[in-house]
Amino acid sequence: MAPAVTETTFEQEVIQSETPVIVDFWAEWCGPCHAVSPLLDRIAEERSGELKVVKVNIDEERGLADRYGIASIPTMILFKGGEPSAAVIGAQPKGAIERSLGLAS
């Protein structure tokens with residue numbers, strides 16, 4: 001399971017990360033968020049060392065959700081070099097998530 005990040009740890013875990021980071025904006029009550037979570041875990045597992053996945057609970061971290069304009073969940077944003085580089089909104093198959101984030105080879 002991807003670790004949770006908060007307003008306090010976001011800078012260190014995401015912005016300053018040496019490797020790309022997929023940030024999964026989600027909420028406990030969101031069914032599609034629970035559906036996509038194992039797919040993100042699998043992407044992280046398959047790309048271990050290349051990228052990491054973290055989770056932001058939008059109910060607990062409203063400031064982060066507002067900062068990145070999260071209007072619908074799940075929203076997954078790929079950060080590279082501390083900047084958002086791609087995003088995907090909604091539960092989708094693993095391959096579609098990878099393509100939308102520019103990870104498909």
Within the range 79-105, of all residues that are charged (D, E, K, R) and in contact (Cβ under 8 Å) with a residue 12 or more places away in the chain, the one nearest to Ser17 (Cα to Cα) is Lys80
For the range 59-78, pairs from a residue that is without any contact (Cβ under 8 Å) to a residue 24 or more places away in the chain and within 21 Å of Ala35 (Cβ to Cβ) to a residue that is hydrophobic (A, V, I, L, M, F, W, C) and surrounded by fewer than 21 Cβ atoms within 10 Å (Cβ to Cβ), with Cβ under 8 Å and 6 or more apart or across chains, are Ser72/Ile89
Within the range 21-38, residues being within 20 Å of Leu103 (Cβ to Cβ), aliphatic (A, V, I, L, M) and without any contact (Cβ under 8 Å) to a residue 60 or more places away in the chain number 3
Flagged in the range 45-70 as modelled with pLDDT of 95 or more and small (Gly, Ala, Ser), in numbering order, are Gly63, Ala65, Gly69
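The values are calculated or read from the model by the stated rules, or taken from the named source; none is laboratory data. Please read these numbers as outputs of a predicted model, since none were measured by experiment. Cβ: placed from backbone, ideal geometry, glycine included. Neighbour counts: every protein chain shown.
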